[in-house]
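Read the structure below first, then the notes.
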Amino acid sequence: MSNHIGAPGRGISRREFLAATGGAGVFSLAGCSAPTNSAMEGSATRQVDGSLPSTSPPEVVNVDEQGNSVTLSSVPSKHAVHPLDSMGGPVELPRVWAFKADDGQPSVPGPILRTTEGEDMEITFDNANGQQPHTLHFHGVQKTWENDGVPTTTGIQINPGEQHTYSIPANVPGTHLYHCHYQTHRHIDMGMYGILRVDPKGYEPADKEYFLTLKDWDSRLPRMMNGENVDYSPRDRNPDVFTMNGKSLPRTIHPEEGSPIIVDSGDTVRLHLANSGYMSHPMHLHNHRYRVVAKDGGQIPEAAQHEQDVTNVPPAGRHTIEFEADADPGIYLMHCHKVNHAMNGNFYPGGMVNAIVYRDAMDTDIFAQLMEYAGYEG
């Protein structure tokens, strides 16, 4: 059984989670039923192709601990954004191109590659079982020309049946992106994106530290790539699915499949927000004031930081925010404030919505009800 609880990063263990909730019995509430909308026009509701593997939540790969090397590959997969009929579901993408690291599971977003400033990484893309060319492009860090990952300017692309190793120095600390740069407008929108995290030398982690990737999707593209007769053009892109770490509310708050921000009172909490979509997302935290301490791999001087409760993360932008868990212990939303991004089709709430969950609130009836909406069975 998975030990992964909450968003990827440094959080709590599954044992701690079960202790805080009083065990699985807390979720057996009589009379709890999630709001539904069987019509849910304009969203991805098609039954997925059972022959494809399902994606898993993104994992953190410590590249330093495995000899400064990692192998990535892309796996055609089905991606359950929210698989239930609660809150406007199901919302499913029938085919994505998920990244996997080494012998791990495919995920959307891809695995978080974590390393330390001053290390040199060897990152191999293995396209042995691929069906189309790919490349890898890394934001932020400075590398040699041939390692830039753009086929039109380097002459290097990884065709089906081939593999290629990129030498990527961890010479710019911060939170960065990586993605395929072959037919970029299509390959990112099919799920080929992830986070590269370079910890500065002497890095001091927060009490709780999590990674969250924002993404807007036009579900017609993965449906078209799955063989449906769908009219799609990137010039006519119309996003209808909005995710955090690949999930939409209520699946975002599922402790193992989603990415709830689990905190204890008094914690210093650090969130690394990365936008791998094509739209900006003003991210708002309820009942907490935070500081943006870094942007796009650059540390913000303390004198320039200020308390705020919304930050607009642009396409390809990365904002690291930090706050104290000093609110009345409870459950508070974190969401995009473009309110139509907080929907599943025509159903509100849904979409790009998550929650800050205090451990002290996990044994309440309202938390149990939210877990039922999310499909968590304990």
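The values are calculated or read from the model by the stated rules, or taken from the named source; none is laboratory data. The model shown is predicted, which means the values in this text are computed figures rather than measured ones. Cβ coordinates were reconstructed from backbone atoms using ideal geometry, including for glycine residues, and neighbour counts include every protein chain displayed.
Before moving on, here are some points about what is shown:
- Scanning region 263-304 for residues that are of a type outside the set (D, E, K, R), in a loop (DSSP other than H, G, I, E, B) and closer than 19 Å to residue 200 by Cα gives 297, 300, 301.
- One residue from 238, 287, 226, 275 being modelled with pLDDT of 95 or more and on the phi > 0 side of the Ramachandran plot: 287
Residue-by-condition table, conditions (1) surrounded by 23 or more Cβ atoms within 10 Å (Cβ to Cβ); (2) modelled with pLDDT of 95 or more; (3) within 23 Å of the chain's Cα centre (by Cα):
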| residue | (1), (2), (3) |
| --- | --- |
| 106 | yes, yes, yes |
| 122 | no, yes, no |
| 128 | no, no, no |
| 137 | no, yes, yes |
| 151 | no, yes, no |
| 159 | no, yes, no |
| 164 | no, yes, no |
| 191 | yes, yes, yes |
| 194 | yes, yes, yes |
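- Meets criteria (of a type in the set (Gly, Ala, Ser), farther than 15 Å from residue 20 by Cβ and touching a Cys at 6+ places or on another chain (Cβ under 7 Å)) for residue 316: no
- Those residues of region 359-378 which are of a type outside the set (A, V, I, L, M, F, W, C) and not in a helix (DSSP H, G or I), in sequence order: 363, 364, 375, 376, 377, 378
- Residue match in region 98-119 (condition: among the aliphatic types (A, V, I, L, M), over 26 Å from residue 251 (Cβ atoms) and either in contact (Cβ under 8 Å) with a residue 60 or more places away in the chain or not in a helix (DSSP H, G or I) (or both)): no
- Flag if residue 316 is surrounded by 15 or more Cβ atoms within 10 Å (Cβ to Cβ), touching a residue at least 40 places away in the same chain (Cβ under 8 Å) and assigned to a loop (DSSP other than H, G, I, E, B): yes
- Of all residues in region 319-348 being over 14 Å from residue 275 (Cα atoms) and polar (S, T, N, Q), the one that is surrounded by the most Cβ atoms within 10 Å (Cβ to Cβ): 344
- Selection within region 7-22 - buried (at least 17 other Cβ atoms within 10 Å of the Cβ) and over 25 Å from residue 108 (Cβ atoms): 20, 21
- Total residues in region 178-189, condition among the hydroxyl-bearing types (Ser, Thr, Tyr), surrounded by fewer than 23 Cβ atoms within 10 Å (Cβ to Cβ) and under 16 Å from the mean Cα position of the chain (by Cα): 0
- Only one entry in 175, 213 is under 13 Å from the mean Cα position of the chain (by Cα) and among the polar types (S, T, N, Q), namely 213.
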